[in-house]
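This report concerns only the one structure given below.
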Amino acid sequence: MDSLILDVMKDISVKTESKIVLVVLDGIGDLPGSDGKTPLEVAHTPNMDRLAINSALGLMDPIYPGITPGSGPGHLGLFGYNPLKYWIGRGVLSALGIGLDMGPEDVAARGNFCTVDGDGKVTDRRAGRIPTELSARLCEKINEAVSEIDGIRITVRPEEEHRFVLLLSGEGLGPHVSDTDPQKTGLLPLEPQALDPASQKTADVVKRFIGVVKEVLKDEHPANMVLLRGFDKLPDIPSLQELYKLTPAAIASYPMYKGIARVVGMDVLKVEGHGELLEEKIELFGEAVSSHDYIFLHIKKTDSYGEDGNFENKVHQIEAFDELLPRILEKEPDVLAITGDHSTPCPMKGHSWHPVPVLLSAPYLRYDPCERFTEREALKGSLGRIYSMQLMSLMMAHAGKLKKYGA
Ligand code: ZN
């Protein structure tokens, strides 16, 4: 079904002047707290409330009922791809997210600086979350010590805190290599194993790379070793330009979201600095809306506070977004959707399978009784319960960007 629908989209989509805006409040869906209300219900959101009255609401399953999504698959669904069909490795998301150019033959992995004891056993998988500046210095040290192994170019770049990206460029590399992260402390890092014959060379290069790194980092503390995971190549995904004739832009400050946006062909606008940067994002939005017809605006902290179980701060983050919403509305997007990539309920301190509320503001909506953008109100919404990947064609239709199918 999913490849069929993408073929249809390619045929019936048209380029128009209309603007589509997708706001993703990461991990927005939640469960009732002690007083029986969710953060969306507790939050004071006069602007979203006003918008909800004239919008269509519903609930979306990011992947499939009962499946808890990672943010990667959660976003792929929102961009109209079946997340069960398309997969983007963590290493690729990280590499693209920090702006590394990946060729089709390259393999990327995500790395952690970690701490090991005298026996080589992992005592801290994140090396005490060393600051990004220290990561950057260690990456430089590694790059100086090893730039090539067996004809494969080696690039190591810092991400945030203890995280970095390893990029292998050259010929004959397969992407299927096992993680070296044992996932628990008290264990030795695992040997990288080729999971198919085509990936043997990759595994051999990685083994030798780890050998060099061990030497380079042996006198460092706390970051005296590395763990690697999520080896992958660029996926073969048709772009949003190709499928929908869109000129899409992404406004996100965290590397992974920039990475996934780049994979589907979005212009990733430069958000300076680290953190949420709401104000800066809204300003960028104001500029992007004149040059792009699809804008993805990502807000991360709703998810982080859900992960921390911090109900109160999740409420504040929702309210902070609500205050800035008028600045999105004043640009008069033809279609605006507000939703999440998955739920991150505070009581669960992690992602969950619960469907996420979605608000669709557009012309030509039918009657919809919802008065607020909340999980409970969304239950009554006219969109009913759909899959996240179905939002894309709905937004396209409401923006007048889809021709009739058949005569
Ligand atoms: Zn997420």
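Descriptive notes on the structure:
- Close pairs from segment 217-240: first in contact (Cβ under 8 Å) with a residue 40 or more places away in the chain, partner basic (K, R) and part of a loop (DSSP other than H, G, I, E, B), Cβ under 7 Å, at least 6 apart: N224/K218; L227/R125
- Of all the listed residues (L240, L228), the sole one being under 30 Å from D7 (Cβ atoms) and either open to solvent by less than 20 Å² (accessible area, probe 1.4 Å) or outside the structural domain of E140 (by TED's automatic domain parsing) (or both) is L240.
- Pairs with Cβ under 7 Å, 6+ apart, first in segment 54-83 and modelled with pLDDT under 95, second β-branched (V, I, T) and more than 13 Å from the ligand (Cβ to nearest atom): G72/I88
- Residue that is away from the ligand (no atom under 16 Å from the Cβ), under 24 Å from the mean Cα position of the chain (by Cα) and surrounded by fewer than 24 Cβ atoms within 10 Å (Cβ to Cβ), where the choices are L84, L57: L84
So that you can scan it fast, the table gives a plain yes or no per residue for (1) closer than 22 Å to V92 by Cα; (2) modelled with pLDDT under 95:
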position	(1), (2)
S239	yes, no
P255	yes, yes
I260	yes, yes
H274	yes, yes
H292	no, no
L297	yes, no
E307	no, yes
N313	no, no
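- Residue tally, condition of a type in the set (V, I, T), part of a helix (DSSP H, G or I) and surrounded by fewer than 22 Cβ atoms within 10 Å (Cβ to Cβ), over segment 261-289: 2
- Options G306, G384; residue that is open to solvent by less than 40 Å² (accessible area, probe 1.4 Å) and on the phi > 0 side of the Ramachandran plot: G384
- Per-region count, segment 1-29, residues within 30 Å of P345 (Cα to Cα) and open to solvent by less than 10 Å² (accessible area, probe 1.4 Å): 10
- Qualifying residue in segment 18-31 (condition: more than 24 Å from E323 (Cβ to Cβ), in a strand (DSSP E or B) and not aromatic (F, W, Y)): no
- Checking each residue in segment 294-315 for being in contact (Cβ under 8 Å) with a residue 12 or more places away in the chain, more than 24 Å from E160 (Cα to Cα) and out of contact with any Leu (no Cβ under 6 Å at 6 or more places or on another chain) picks out I295, F311, V315.
- Among the residues of segment 32-54, none is identified as within 16 Å of the ligand (Cβ to nearest atom) and surrounded by fewer than 18 Cβ atoms within 10 Å (Cβ to Cβ).
- Look at (1) over 30 Å from L187 (Cα atoms); (2) more than 16 Å from the ligand (Cβ to nearest atom) and you find that P62 fails only one, number (2).
- For segment 338-368, the candidate set comprises residues that are away from the ligand (no atom under 16 Å from the Cβ) and open to solvent by less than 10 Å² (accessible area, probe 1.4 Å); within that set, the residue that is nearest to V315 (Cα to Cα) is L359.
The values are calculated or read from the model by the stated rules, or taken from the named source; none is laboratory data. In this text the structure is predicted, and so the values were computed from the model without any measurement. As a convention, Cβ positions derive from the backbone with ideal geometry for all residues, glycine included, and neighbour counts pool all protein chains shown. Keep in mind that these areas ignore ligands, DNA and RNA; they rest on the heavy atoms of the full protein, side chains included. Shrake-Rupley method; radii C 1.70, N 1.55, O 1.52, S 1.80 Å.
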